[in-house]
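Everything on this sheet refers to the single structure shown next.
Values quoted throughout were computed directly from the atomic coordinates according to the rules given, and no laboratory measurement underlies them. None of the values given here were measured: they were computed from a predicted structure. Here Cβ is always computed from backbone atoms with ideal geometry, including for glycine, and neighbour counts include all displayed protein chains.
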Amino acid sequence: MNLHVTASPHVHSELTTARIMRDVLIALAPAALWAVVAFGANALLLMAVSVLAAVGTEYAVQRLTHRPVTVNDLSAAVTGLLVAMNVPASAPWWLVVVGSFFAIAIVKQCFGGLGHNFMNPALAARAMLLACWPSRMSGSAFTAPTFWSGVDAVSSATPLDLLKKGLVGDLPDVGSLLLGNIGGCLGEVSAVCLLLGLAYLLIRRVISWRIPVIYVATVAVMTFLFGGLDVMRTGVHLLSGGLLLGAIFMATDYTTSPLTAAGQVIFAVGCGVLTATIRLWGGYPEGVSYSILLMNVATPLIDRWVKPHVFGVERRRGKHA
Amino acid sequence: MPDLTFKGGIHPLQSIHHGKDLTSGRVTRTLPPPAQVILPMASFIGAPAKPIVKRGDTVKMGQLVAEAGGFVSAPIHAPVSGKVAAVENRPHSNGKTSLSVVIDNDFADTPWEEIRPYPPVEDMEPQEILAAIQKAGIVGMGGATFPTHVKLSPPPGTKIDTVILNGAECEPYLTADHRLMLEEPGLVVQGLKAVMRALSVSQGVIGVEVNKRDAIESLRSVIGGEKSIRVASLKVKYPQGGEKQLIYAITRRVVPSGGLPAAVGVAVVNVATAAAIARMLQTGMPVTQRIVTVTGPAVRTPGNLWVRLGTPFSACIEACGGLTGGELKVISGGPMMGLAEATLEVPVMAGTSGILVVPQEKEIASSGRCIRCGRCVEGCPMRLLPTTIEQAARRGDYETCRRLHVMDCLECGSCAYQCPAHVPLLQGLRLGKAAVGKLIREEKAKEGK
């Protein structure tokens, strides 16, 4: 019999980083399955290649820099899947390889690895791909789901593109928006699948409701007030583009969002205001990625300003500890 | 009325009912006194006691063997009669050694001649009760072992109006207080009355977590129609028994940072301490025994035992069927705040509420890498930022630790329990506390010059 002596506490919850990441993967599963159903085999190829590239990059970088290999925590797999979900179905396989490599090697590992990156790696990769290969990441790169038509993929403007161009008459109906019979990136088209993922994450207490609900609500209020007081248009804003994918799976990234509840509220409102601003008045039809990335870099500042009120300490006005 | 509680906190080991099912239904057995008792002079917080006996002396049960080492200290009495075998350093449950009086038991339990029962509490003056508590060397039996007479001597200028008995027993696995309230509710209530009288207070509350429904009922039946005393049912949440959390839950009063409960007019005493006071007043005999929960997955037949003070852990564990083998951790107290022991020869003291034996936990992937999930912040009952403080402490930035109120940390371990990356958060916080404490002492010394 051996007696171990360590400091308290002597028990821990069963929750681990790996279990959290596994839950995120499970929550992404409905949207991933839908992507395969709607866009066909290339979607499956892109997701598989992207996950392999992300995990492989993490493994290689950690081996080359003589640090412990932590691919078992599944965080690289989550990043890889999210990178694939953020490209159009027409993307070539090498695009997601470049994206996942950039996300893991540059954005994550160069800044210290898990917990230290200052931007969401998958979103930073998306922004990089959009800047380097705009024709493969936007506009005519988007194809309509082939599930219904049965024909080969054809270019299809996204609902947000139509809104931007004022082609309101061509907008899809609510059923298509909810199910995902619209053009867009792999993981973003089906609102129902994404909401299923949200429900799972909330039930498993992986994330709190604050960021996704407040983010989406802010976009709803702003697009309704400034988008012509039109319920239909507001609905298109909420159900298409990357809003749900971003609000549920990327704005909630622990590392790049504030630690405290109050900080998370500020973060979510900020994401919402920026997204609505870009979509309504900006040059791009879509603004989710840039909004979250901007709030990512504001996060250290929010954490500096917003601190919980320590029990038993008198509140001091206007003085930030 | 909904169950009372505080903000923050956690639910440790909820899936196995906080580990309490192992022993909560076990009636307390009396462990036969051991052949030898070991009485450490540092059996409580404060200055260690000073031995007044030497090797070869004959002592009787209840006889004074060491006198208090100051005001914040307590005397120590023999829990058995017999002969002093040694006055020497022995292993202490804090991991160090402590000067200890070791007595060979003659198994006669011959009481000391000077033991006299006290008159009924109602006939005693407050000062007399306080003096009796001080003379008997009663210390907090909830685990912190602060001398009780000091707790009941509020600083000048403060007025106590409420006495709270702490029967929360929020530590997983422990059921010693639960069994005490169930089996000896009369002693608990009598002890509360004595403390209320010692402080001239007319309001007494016993706070009990609702997972001890039977204990709440047994206390209520003893209290009957008494107006000045009530039982408050508390939500099951850790650390509900933390002094500041308990006071807030029951009175909504907030003990200021760095302040004592007296600052908000409250005195908190553990239920076991109250029962010990009551028994001491009835018999005149100082505390000679306490209930110890001997439990955990690695104990063969877990149970609750009345144990003579000074009994080695090994005897308690043997009485519970011994241990399963393997890589184990023997903990004095509960799993959240208890101390891991390197030897089973350490003795049971007044604050030893449990002996817990658990298998050693395995390391997990990503150990120690914070993912900023915020669970430590959510769980902190003091609403600190554990991960931020821990990182500051590790890089030696103690000014930041201080600004983030590290000194308010009560070391409950909620943060570390919750952490999915198993960051040793509490160790970091302790590091910060030690360094900031040193800074503060140095500043005070400078000001004093």
- Query: Which FRET efficiency value, to the nearest 0.05, do you get for B:Ala434 and B:Thr324 by plugging their Cβ-Cβ distance into 1/(1 + (r/R0)^6) with R0 = 25 Å?
  - Reply: 0.10
- Item | Per-residue Cβ neighbour rank within 10 angstrom, fewest leading, B:Glu447, A:Glu188 | B:Glu447, A:Glu188
- For n ≥ 4 DSSP H runs only, could you compute -39500 (n - 2.57) per run for chain B, divide by its residues and tell me the 222 nm figure to the nearest 500? -8000 deg cm²/dmol
- Query: If the limit is 23 Å between Cα atoms, which of B:Lys96/B:Lys433; B:Lys135/B:Lys433; B:Lys159/B:Lys193 go over it?
  - Reply: B:Lys135/B:Lys433
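Give the calculated FRET efficiency between A:Leu52 and B:Lys7 to the nearest 0.05, with a Förster radius of 45 Å applied to their Cβ-Cβ distance. If you can, show how the numbers build up before the last one.
Working: r = 45 Å, r/R0 = 1.00.
Efficiency, rounded to the nearest 0.05: 0.50.
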- Using only Cα atoms, find the angle between the long axis of helix A:17-39 and the longest principal axis of chain A, and express it within 0 to 90 degrees, rounded to the nearest 10. 10
- For chain A, calculated [θ]222 nm from helices alone, where every DSSP H run of n ≥ 4 adds -39500 (n - 2.57): -17500 deg cm²/dmol
- Task: With no solvent and one equal point scatterer placed on each C-alpha of region B:116-283, evaluate the Debye formula and give log10 I(q)/I(0) for q = 0.12, 0.13, 0.16, 0.17 Å⁻¹, two decimals.
- Result: -0.47, -0.56, -0.87, -0.99
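Please list the three semi-axes, largest first and in whole Å, of the ellipsoid equivalent to region B:280-380, using sqrt of 5 times the eigenvalues of its alpha carbon gyration tensor.
Numbers: eigenvalues 204, 72, 21 Å².
Equivalent ellipsoid of region B:280-380: 32, 19, 10 Å, largest first.
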- Task: Putting +1 on Lys and Arg Cβ atoms and -1 on Asp and Glu Cβ atoms, find which of B:His178, B:Gln360, A:Gly56 reaches farthest to the positive end of the dipole of the protein assembly as shown.
- Result: A:Gly56
- Query: What number comes out for the charge environment of B:Val121, summing +1 per Lys or Arg and -1 per Asp or Glu over other residues with Cβ under 13 Å away?
  - Reply: -1
- Task: Using only alpha carbons, build the gyration tensor for region A:227-300 and give me the equivalent ellipsoid semi-axes, biggest first, whole Å.
- Result: 23, 12, 11
- Note on the structure: Listed with the fewest Cβ neighbours within 10 Å leading, B:Arg308, B:Arg253, B:Arg197 appear as B:Arg253, B:Arg197, B:Arg308
- Note on the structure: Helix A:191-203 sits off the longest principal axis of the Cα atoms of chain A, rounded to the nearest 10 on a 0 to 90 degree scale, by 10
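May I ask you to give the average projected area over all directions of the convex hull of the Cα atoms of chain A, in nm² rounded to one decimal?
Values: hull surface 82.0 nm².
Taking a quarter of the hull surface, the average projection is 20.5 nm².
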- Message: Treating the protein assembly as shown as a set of equal point scatterers at the Cα positions, no solvent, please give the Debye-formula log₁₀ I(q)/I(0) at q = 0.10, 0.11 Å⁻¹.
- Response: -1.00, -1.12
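Under a Cβ-Cβ cut-off of 14 Å, what is the net charge of the residues other than B:Ser43 that fall near it, where Lys and Arg count +1 and Asp and Glu count -1?
Numbers: positive: B:Lys50, B:Arg90, B:Lys96, B:Arg290, B:Arg308; negative: B:Glu67.
After counting each charged neighbour, the total is +4.
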- Message: With equal scatterers on the alpha carbons only and no solvent term, can you work out the Debye log10 of I(q)/I(0) for chain B at 0.11, 0.12 1/Å?
- Response: -0.89, -1.08
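Let me check I've understood the local charge: for B:Leu99, count other residues with C-beta under 10 angstrom from its C-beta, Lys and Arg +1, Asp and Glu -1. What total comes out? Could the numbers behind the result be given before it?
Numbers: positive: B:Lys50, B:Arg90; negative: B:Glu88.
Within the 10 Å Cβ shell, the charges total +1.
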- Sketch the reach of a paramagnetic label on B:Arg441 as a point 7 Å from Cα along Cα-to-Cβ, and name the residues of region B:54-72 whose backbone nitrogen lies under 18 Å away. B:72
- Message: Can you compute the radius of gyration and Dmax for region B:8-160, using only the Cα atoms, both in Å?
- Response: 18.6, 54
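For a quick check: sort B:Leu199, A:Leu195 by the number of other beta carbons within 10 angstrom, fewest at the front.
Details: B:Leu199 23, A:Leu195 17.
Neighbour counts put them in this order, fewest first: A:Leu195, B:Leu199.
Can you check how the C-alpha radius of gyration of region B:360-412 compares to 2.2 N^0.38 Å, as a plain ratio?
1.24
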